[in-house]
């Protein structure tokens, strides 16, 4: 039986898509929200570190599975390799209702004003595709606010002198520090840094009909057993469904966007739960499938009028793939700094996010989430035993004497870091898979060295007896912070969408995920993706209410 | 049950249902002598390797923690691609051991095993014929798998009785003393 035509299709139920589905449904549009995965359940995953989002040697519980999903990874020498979701080179995010927002650490950062004006602030970097966003922080500010209040954020930005201006405070008070974070907070003040509590998409007090956080150690990488973590799956998506206007269609893999003779989008083709080909038509389509899969879907949606895929007339789709050049330092302490109050990360400094002399960009620095036992077995200073008695003794002695400070270095985008579709490798359903290739620029590594040195300084100030830095490799970034592959801009020759996420030349096709990011901020990106979900939807709804059907 | 009314007791009960086996009896049936892939001889060799990667002290080593059971189970599933390597290299490590030290791996004393494994890790035997597999790569893989089996969740057949968690003084089940309701 044919599916009933709807006003809007949203592809992907993560940070951007969940928000878009809710906004459109509340405005009265009929919506189908597509999700390729299933609902994730705490009781099913339990506390299994080996299938979590942080370490996943045995597979990714939060999806996707290794049986139907794989990609091609290209190394620095140009060698291709087929990789599965439980390989870091796959650059997985997640595939379940809520996507990454189910298992994330839930840091709720607003990007700073400079993050939107990266090129203006730092000038051009050789080999880069540096650009400013076509919108400013001030354009997005009301939408950050909407995300914070609609989905729920605990924080107090007034303690952060580098925070961008805001109209309203966070809806929930910030979290109290555990022993490690309190120690680091005092140390930061001692050396003139400006520490403050990290804003979190997690309930510090009951909010949105859900209880407060119970401070478990396993939070990042896991679902929350009491639903205190605020994702799209327990906030905006239920609201969308409750309107009666939105159908959440799970276990459905969209593989093509259909267009008509005038080049407009007419709907999508997908495989349902039983692998049957299905069609869903709509007046407009919003794609929020992640920087990798959104680009792949556009590139795989070829037609006579779009021979290179949708929005790809100028060969921009899939380029400028970014994540973050994560770096930092680890420290060991004489006394135990661990008190088993989770999830760990709670103190940050914004001192080095921008305006570091001689450096392009920077990063916020924060203490790290609690390391689970298997992850910690890989945390060792250089030259340490990798196995045997020395390795076991270290694990036993130092697990509670370890602290880590890390930061997401804002990368300089480059066009050679990209998502393409493979010409030879197809997935379980016979659809060309994503092919990921690229590298970080030297400038990113230089910034990472600078940031790591600051992390080291912070740990020494806290009284560490041993400190070592970690500097990222030069391989392409992506993974859970993937962004940039359908960036917004005013010039169709150097961007994929306009400033409203509307694909250049295809008025009824929109993007509402991290793909839109021109640069990826000196912060974890999820709140910005949510804010863009509101921003893009707001434009669609306003136009719709004025009678625009984007035809 | 209203979301706001989750009490600690209710929560632990819910978790117990979910985990299926947070109680004491019958909990560790997953750590059994039943094998999926490995032969007895292969399992004995792997036990000895596991005790080198994580040696026993006042807490279990890899062998007693069920690391071999963990690896055997994964070889029957997500690690099935590694079966040929395990087959070849568990044989190779014994054959080369007999050539060099006069004994299969499991028959060597602890210090000899240690010396031998360090040599394998460093690539000293990479010229040897372990059915086309590189001894140092095998070592690296088996080391990772042993650490997963020892430090990962017991649901996968290792970390018997949460021995690594107890060693690291992490309480289990979670939540005790953490619930603020």
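The values are calculated or read from the model by the stated rules, or taken from the named source; none is laboratory data. Not measured: the values here are computed from a predicted model. Ideal geometry is used to build each Cβ from the backbone, glycine not excepted, and the neighbour counts take in all protein chains shown.
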Legend entry - Flag for residue A:46 being out of contact with any strand residue (DSSP E or B) (no Cβ under 7 Å at 6 or more places or on another chain) and without any contact (Cβ under 8 Å) to a residue 24 or more places away in the chain: yes
Inset, instruction - Kindly indicate which of A:113, A:141, A:148 is within 20 Å of the chain's Cα centre (by Cα) and without any contact (Cβ under 8 Å) to a residue 40 or more places away in the chain. - result: A:141
Inset, instruction - Please verify whether region A:138-159 includes one or more residues that are touching a helix residue (DSSP H, G or I) at 6+ places or on another chain (Cβ under 8 Å), surrounded by fewer than 17 Cβ atoms within 10 Å (Cβ to Cβ), within 14 Å of chain B (Cβ to nearest Cβ) and more than 17 Å from residue A:523 (Cα to Cα). - result: no
Legend entry - Residue within region A:406-413 that is in contact with a strand residue (DSSP E or B) (Cβ under 9 Å, 6 or more places away or on another chain), within 23 Å of residue A:89 (Cα to Cα) and surrounded by fewer than 17 Cβ atoms within 10 Å (Cβ to Cβ) present: no
Inset, instruction - List the helices (runs of 4 or more DSSP H) that sit entirely inside region B:1-117 and contain at least 2 residues that are at pLDDT below 95 and more than 10 Å from every other protein chain (Cβ to nearest Cβ). - result: B:8-19
Legend entry - Filter result for the condition that a residue is surrounded by fewer than 22 Cβ atoms within 10 Å (Cβ to Cβ) and under 20 Å from residue A:439 (Cα atoms), over A:92, A:86, A:79: A:79
Inset, instruction - Could you check residue A:243 against (1) buried (at least 19 other Cβ atoms within 10 Å of the Cβ); (2) over 17 Å from residue A:12 (Cα atoms) and say which number it fails? - result: (1)
Inset, instruction - May I ask you to list the residues in region A:1-17 that are in contact with a strand residue (DSSP E or B) (Cβ under 9 Å, 6 or more places away or on another chain), over 18 Å from residue A:253 (Cβ atoms) and surrounded by 19 or more Cβ atoms within 10 Å (Cβ to Cβ)? - result: A:6, A:7, A:8, A:16
Inset, instruction - Could you grab me the full set of residues in region A:124-133 that are out of contact with any helix residue (DSSP H, G or I) (no Cβ under 9 Å at 6 or more places or on another chain) and crowded, with 16+ Cβ neighbours inside 10 Å? - result: A:129
Inset, instruction - Please work out which residue is farthest from the other protein chains (Cβ to nearest Cβ), limiting yourself to region B:118-127 and to residues that are in a loop (DSSP other than H, G, I, E, B) and surrounded by fewer than 16 Cβ atoms within 10 Å (Cβ to Cβ). - result: B:127
Legend entry - Index of the failed condition, residue A:252 passing every other in (1) within 13 Å of residue A:102 (Cα to Cα); (2) more than 14 Å from chain B (Cβ to nearest Cβ): (1)
Inset, instruction - Evaluate the following for residue A:495: is it under 19 Å from residue A:419 (Cα atoms) and not in a loop (DSSP other than H, G, I, E, B)? - result: no
Inset, instruction - Need at least 3 residues that are within 22 Å of residue B:157 (Cβ to Cβ), within 20 Å of the chain's Cα centre (by Cα) and within 14 Å of another protein chain (Cβ to nearest Cβ) per element, so show me which strands (runs of 3 or more DSSP E) inside region A:1-88 make the cut, counting only ones lying wholly within it. - result: none
Legend entry - For residue B:139: the one exception among (1) within 30 Å of residue A:51 (Cα to Cα); (2) touching a residue at least 24 places away in the same chain (Cβ under 8 Å); (3) within 14 Å of chain A (Cβ to nearest Cβ): (2)
